[in-house]
Amino acid sequence: MHSHAKPLPVRAPFWTPGVLVLTAFMVAGAAFILARFVGGLEAVTNLDQTHPWGIWIGIDVATGVALAAGGFTTAALAHVFGRRFYEPVVRPALLTAMLGYTLVPIALLIDIGRSWAIWHPIIYWQGNSVLFEVAMCVVIYTHVLYLEFIPIVMERFKGRINLPGPLGALNGVAESLLGLADRTLSKIMWIFVLAGVVLSCMHQSGLGSLMLIAPSKIHPLWYTPILPLLFLTSAIAVGFPMVIFEYTLASSSLPLKDETDLMASLSRYTAVLLGIYLALKLGDMVVRGTYAHLLEGTAQSNAFLVELLLGGIVPWLMLLSPRVRRSRRGLFAAACFIIGGVVLNRLNVFLVGYRAPHAQTSYFPSVGEIAVTAGLIAALMFLYRLLVTYLPILSPHGAEASREVIS
């Protein structure tokens, strides 16, 4: 039996030293974003004709989308498979996914040369393009995430609308709209939950499909016909570790209810999902004979070994240990290894393992690229901290438990 603590706004000072540090990173990133739009990509990045993308694609988009997978994995577990025991992690995972997918188009807007044309895929359809499929799935899924988030906003403000001055005349209208949205969404929310799961599976695998057209440009250790499947399974495997990672960080600075038992339970699923991913990856390597490249001693082979060992095999072995699963620090360490492995995998596929045939130099991100990426990550963390402060997303320590009891 497990009683759910009622999600509530977190009562804690907002402007902490950590938030101020995040603000500094955001300001620095904004300065370089301004320089990018004033002086063009060349003024800020190390991109050129042979290196058309860098960490803004490898981290801000490809990695960001993968690490936002906790939204659809937790929704599927709690709502599709009926495991209501995990309901407390759905809202924070949903928030992270919503913020992550919101920053993806912002990163693309900064990265693409013709930023003013970013809306074209919505109007000018190209059904034969994998990039079109990814773009449309991300656009639709982002809207689905916002629709799934509306009930949280309604829970906070329904019955509490009190606009100041002349705007007070709109209080009744606002309450009526909130009530209508509450009654409507409660009946059709299952549609958005299912749509979110389907759309996520489509574009997570689609990101891997993007690289299938470049067999001669990607190192054999990463190029494989099952790259879409590997992208999908790795995204699913990293979903619950992201939940563990976020909870551990949040609970270290905020007065949250102890959910260590719930995180330990999630880790059992992670061990299975990560094992499936590793079996596919190692099996594909054996079938194609690419293990012959493992000990070449090149930057590519070394990066692959680090990704496979530290990002896959080590955390998988850790999660097989009941002692690690019961340990808050052990779970956090395993989650960090898995997250680091997925980050490295996306960087390896899009940057380390990618070699243009006519490239004369190697790519390394500029200070401006790093600053923009750090600023976007800081913005995500800042908004997360802001929203959990004012909306019922997390379960604070001592929060009144709801009446719902789950077997």
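Residues are listed down the side, and each one gets a yes or a no for (1) in contact with a helix residue (DSSP H, G or I) (Cβ under 7 Å, 6 or more places away or on another chain); (2) not small (Gly, Ala, Ser):
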residue	(1), (2)
86	yes, yes
92	yes, yes
98	yes, yes
108	yes, yes
111	yes, yes
117	no, no
121	yes, yes
128	no, yes
137	yes, yes
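Taking the conditions exactly as written (more than 30 Å from residue 58 (Cα to Cα) and polar (S, T, N, Q)), does residue 129 satisfy them or not?
no
Scanning for something under 22 Å from the mean Cα position of the chain (by Cα), more than 30 Å from residue 153 (Cα to Cα) and surrounded by fewer than 22 Cβ atoms within 10 Å (Cβ to Cβ), does the range 382-390 turn up at least one residue?
no
Take the residues in the range 74-121 that are under 19 Å from residue 56 (Cβ atoms) and hydroxyl-bearing (Ser, Thr, Tyr); name whichever of them is surrounded by the fewest Cβ atoms within 10 Å (Cβ to Cβ).
In this case the residue turns out to be 115.
Residues are listed down the side, and each one gets a yes or a no for (1) touching a Gly at 6+ places or on another chain (Cβ under 7 Å); (2) among the hydroxyl-bearing types (Ser, Thr, Tyr); (3) closer than 23 Å to residue 58 by Cβ:
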{"position": "156", "(1), (2), (3)": "no, no, no"}
{"position": "165", "(1), (2), (3)": "no, no, no"}
{"position": "180", "(1), (2), (3)": "no, no, no"}
{"position": "186", "(1), (2), (3)": "no, yes, no"}
{"position": "192", "(1), (2), (3)": "no, no, no"}
{"position": "201", "(1), (2), (3)": "no, no, yes"}
{"position": "207", "(1), (2), (3)": "no, no, yes"}
{"position": "219", "(1), (2), (3)": "yes, no, yes"}
{"position": "239", "(1), (2), (3)": "yes, no, yes"}
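For the range 358-381, which positions are of a type in the set (Ser, Thr, Tyr) and either closer than 21 Å to residue 158 by Cα or modelled with pLDDT of 90 or more (or both)?
Within the range 358-381, 366, 373 meet the criteria.
Somewhere in the range 175-189, is a residue in contact (Cβ under 8 Å) with a residue 60 or more places away in the chain and surrounded by 15 or more Cβ atoms within 10 Å (Cβ to Cβ)?
No: the range 175-189 contains no residue that is in contact (Cβ under 8 Å) with a residue 60 or more places away in the chain and surrounded by 15 or more Cβ atoms within 10 Å (Cβ to Cβ).
Checking the conditions here, which among 227, 249 is touching a Ser or Thr at 6+ places or on another chain (Cβ under 9 Å) and surrounded by fewer than 21 Cβ atoms within 10 Å (Cβ to Cβ)?
Exactly one residue qualifies, and that residue is 227.
Determine whether the range 42-53 contains at least one residue that is modelled with pLDDT of 90 or more, not in a helix (DSSP H, G or I) and not polar (S, T, N, Q).
Within the range 42-53 (the criterion being modelled with pLDDT of 90 or more, not in a helix (DSSP H, G or I) and not polar (S, T, N, Q)), the answer is yes, since at least one residue qualifies.
Identify all residues within the range 317-345 that are surrounded by fewer than 21 Cβ atoms within 10 Å (Cβ to Cβ), touching a residue at least 40 places away in the same chain (Cβ under 8 Å) and farther than 18 Å from residue 247 by Cα; write none if there are none.
Result: 320, 343, 344.
Go through the range 253-269 and report how many residues are touching a Leu at 6+ places or on another chain (Cβ under 6 Å) and assigned to a helix (DSSP H, G or I).
Final tally of qualifying residues: 2.
Looking at (1) in a helix (DSSP H, G or I); (2) surrounded by fewer than 18 Cβ atoms within 10 Å (Cβ to Cβ), which is the one condition that is false for residue 57?
Failing condition for residue 57: (2).
In this structure, does residue 91 turn out to be more than 25 Å from residue 377 (Cβ to Cβ) and charged (D, E, K, R)?
no
Pairs only if they're at least six apart or on different chains, beta carbon under 6 angstrom, first in the range 144-163 and assigned to a helix (DSSP H, G or I), second surrounded by 14 or more Cβ atoms within 10 Å (Cβ to Cβ) and charged (D, E, K, R); list them, first residue then second.
Correct list of pairs: 154/182.
State whether one or more residues within the range 225-247 are at pLDDT below 85 and either over 17 Å from residue 342 (Cβ atoms) or assigned to a helix (DSSP H, G or I) (or both).
No.
Sort out which residues of the range 365-379 are in contact with a Gly (Cβ under 9 Å, 6 or more places away or on another chain) and surrounded by fewer than 20 Cβ atoms within 10 Å (Cβ to Cβ), and write them in order of number.
365, 366, 374, 377 - these are the residues of the range 365-379 that are in contact with a Gly (Cβ under 9 Å, 6 or more places away or on another chain) and surrounded by fewer than 20 Cβ atoms within 10 Å (Cβ to Cβ).
Scanning for something in a loop (DSSP other than H, G, I, E, B), more than 14 Å from residue 381 (Cβ to Cβ) and in contact (Cβ under 8 Å) with a residue 24 or more places away in the chain, does the range 14-29 turn up at least one residue?
no
Please verify whether residue 23 is in contact with a helix residue (DSSP H, G or I) (Cβ under 9 Å, 6 or more places away or on another chain), on the phi < 0 side of the Ramachandran plot and surrounded by fewer than 19 Cβ atoms within 10 Å (Cβ to Cβ), treating the condition exactly as stated.
Taking the combined requirement at face value, the residue satisfies it.
Does the range 297-313 include one or more residues that are surrounded by fewer than 19 Cβ atoms within 10 Å (Cβ to Cβ) and farther than 25 Å from residue 217 by Cα?
Scanning the range 297-313 turns up at least one residue that is surrounded by fewer than 19 Cβ atoms within 10 Å (Cβ to Cβ) and farther than 25 Å from residue 217 by Cα.
With respect to the numbered conditions (1) surrounded by fewer than 21 Cβ atoms within 10 Å (Cβ to Cβ); (2) closer than 22 Å to residue 218 by Cα, which one is the sole condition not fulfilled by residue 348?
With (1) surrounded by fewer than 21 Cβ atoms within 10 Å (Cβ to Cβ); (2) closer than 22 Å to residue 218 by Cα applied to residue 348, the lone miss is (1).
The values are calculated or read from the model by the stated rules, or taken from the named source; none is laboratory data. Keep in mind that this is a model prediction, so the values were computed, not measured. Glycine gets a Cβ as well: all are built from the backbone with ideal geometry, and neighbour counts include every protein chain shown.
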